[in-house]
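A short worksheet on the structure shown next.
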Amino acid sequence: MIAIAAVDRNWAIGYKGDLLISLPEDQKGVFRKYTAGNTVAFGRKTLQTFKDEKLLPKRVNIILTRNESFEKEGAVILHNEDSLREYQNTHPDEKIFLIGGAEVYRTMLHLCDEAIITYIDKEFKADAYFPNLDELDDWELYEEEPTVMSEVGVAFNVRHYRRISSS
C-alpha cells in the first residue's frame, strides 16, 4: 500500500476538515497521475470534503468507517484494519493508495511500504497532521523531485519515501 499526501513544513495536512491549500499542479500532476486507474482508501470524513461527496472517478473507492450501517453506492465500505488487509490480500494486483485523512494515516500508515509526499514549502494554520516520515526510523527518503512554483504562488516538491526494515 502507498500513502499519498500533501504536507506543509510542519507535516500538517488540513484545518477544520479541509485541505490547507489547493494546488492545481499537485491535484492534476501528482495525485491524479499516481491514483488514476488504481484503488484509493480513505476515511468517511474525507469523503465529506469531496465536492457533493462524489467518489473519485476512474478509481476503486474504499471508504473506511467504523459506522457499520454506512452505505455509499459505488464504493467498497470497510470497517477496520483487518478488513482492509483482507481486501488487499484478495486483490493482490490492485495498487492501493491511502489518501487520508489524519486518523486514517495515523492508524493505517504501518500498512504502507511507500509514501508519495507533496512537500509544500510554507506553514499553515492546521489541526490535522501526517506522521513526519523524516523523524521515523523505519522510513527513508529515496527520491526528491525538483521544486515547482505553483500558479498560486507556493513552492512545493514531491518526495518519495519507502519503509526500510529495522535491523
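The values are calculated or read from the model by the stated rules, or taken from the named source; none is laboratory data. All figures in this text were calculated on a predicted structure; none of them were measured in a lab. Don't worry about glycine lacking a Cβ; one is built from the backbone with ideal geometry, like all the others, and counts go over all protein chains shown.
Can we say Ile99 is under 29 Å from Val148 (Cα atoms), among the aliphatic types (A, V, I, L, M) and modelled with pLDDT of 95 or more? Here the answer is yes, as Ile99 does meet what is asked. Just one of (1) surrounded by 17 or more Cβ atoms within 10 Å (Cβ to Cβ); (2) at positive phi fails for Gly153. It is (1). When only residues in the stretch 133-167 that are in contact (Cβ under 8 Å) with a residue 40 or more places away in the chain and among the charged types (D, E, K, R) count, which is nearest to Tyr34 (Cα to Cα)? Selected residue: Arg159.
Could you check the stretch 126-148 and list, in sequence order, the residues that are part of a strand (DSSP E or B) and modelled with pLDDT of 95 or more? Listed by number, the residues that qualify are Ala128, Tyr129, Trp139, Glu140, Leu141, Tyr142, Glu143, Glu144.
Given the criteria out of contact with any helix residue (DSSP H, G or I) (no Cβ under 9 Å at 6 or more places or on another chain), farther than 20 Å from Lys45 by Cα and not in a helix (DSSP H, G or I), does Tyr161 qualify? No: the conditions fail for Tyr161.
Within the stretch 84-93, can one find any residue that is of a type in the set (Val, Ile, Thr) and within 21 Å of Asn132 (Cβ to Cβ)? No, there is no match, as no residue in the stretch 84-93 is of a type in the set (Val, Ile, Thr) and within 21 Å of Asn132 (Cβ to Cβ).
Looking at the stretch 9-53, which of the residues that are aliphatic (A, V, I, L, M) and farther than 15 Å from Lys122 by Cα is surrounded by the fewest Cβ atoms within 10 Å (Cβ to Cβ)? Talk me through it step by step, then tell me what you get.
Restricting attention to the stretch 9-53, the residues satisfying the condition of being aliphatic (A, V, I, L, M) are 12-13, 19-21, 23, 30, 36, 40-41, 47.
Now drop any that are not farther than 15 Å from Lys122 by Cα, which leaves 30, 36, 40-41, 47.
Numbers: Val30: 20, Ala36: 12, Val40: 23, Ala41: 25, Leu47: 20.
For the stretch 9-53, the residue satisfying everything is Ala36.
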